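Peer 1: My structure is below; once you've seen it, I'll send some questions.
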Amino acid sequence: MQCRVVAIEDAVASEVRNTGRSPRYGRAAHVELASGYGPCRLCLRTFRVGEERRTLFTFDPFDDR
């Protein structure tokens, strides 16, 4: 079985940054200092723990809106 990891689109990340809410669901996004390595769903790189901030939000990668 093959597994393929695909980053979220820039437009999704921009929407969350601009509105502070998750796309489609409208729930508040949460920003925190990285306490784990990640990966970031936008760039797919791991976080620098304790140095970088990350934004957590509800997202359905299978929603084809």
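Peer 1: How long are the semi-axes of the equivalent ellipsoid of the chain, taking √(5λ) for every eigenvalue λ of the Cα gyration tensor, in whole Å from largest down? Working shown, then result.
Peer 2: Working: eigenvalues 74, 65, 17 Å².
Output for the chain: semi-axes of 19, 18, 9 Å.
Peer 1: Would you mind checking which residues have amide H under 5 Å from Arg21's amide H? H placed 1.01 Å from N; only 5 or more apart, or other chain.
Peer 2: Ala29
Peer 1: Tell me, in nm to one decimal, what length is gained between Glu32 and Arg48 on full extension, where the rule is 0.36 nm per residue of separation less the Cα-Cα distance?
Peer 2: Values: separation 16, 0.36 × 16 = 5.76 nm, distance 1.25 nm.
Using 0.36 nm per residue and subtracting the Cα-Cα distance, I get 4.5 nm.
Peer 1: If you don't mind, there's one more thing I want to ask. Please report, in debye to the nearest 20, how large the charge dipole of the range 10-56 is about its Cα centre when each Lys and Arg carries +1 at its beta carbon and each Asp and Glu carries -1 there. List each step's numbers first, then the result.
Peer 2: Values: 9 positive and 5 negative charges, 26 e Å.
That gives the range 10-56 a dipole magnitude of about 120 debye.
Peer 1: Among the GluC sites (Glu not before Pro) within the range 23-65, which fall in a DSSP loop and have no more than 15 other Cβ atoms within 10 Å of their own Cβ?
Peer 2: Numbers: sites: Glu32, Glu51, Glu52; in loops: Glu51, Glu52.
Taking the range 23-65 and a limit of 15 other Cβ atoms within 10 Å, the loop GluC sites (Glu not before Pro) found are Glu51, Glu52.
Peer 1: Continuing with this model, one more query. Please turn the phi angles of the range 20-35 into ³J(HN,Hα) values with the Karplus equation 6.51 cos²θ - 1.76 cosθ + 1.60 (θ = phi - 60°), one per residue in order, whole Hz, x for glycine and proline.
Peer 2: Coupling constants for the range 20-35: x, 9, 6, x, 6, 8, x, 6, 5, 7, 10, 10, 8, 6, 4, 10 Hz.
Peer 1: Still on this structure, I have one more. List every residue whose amide H lies under 5 Å from the amide H of Leu56, counting only residues 5 or more places away in sequence or on a different chain, with H placed 1.01 Å from N in the peptide plane.
Peer 2: His30, Val31, Glu32
Read the figures in this text as sums done on the coordinates, not as results from a lab. Being a predicted model, the structure only gives us computed values, none of them experimental. Every residue, glycine as well, gets a Cβ built from its backbone with ideal geometry; the counts of neighbours run over all protein chains shown.
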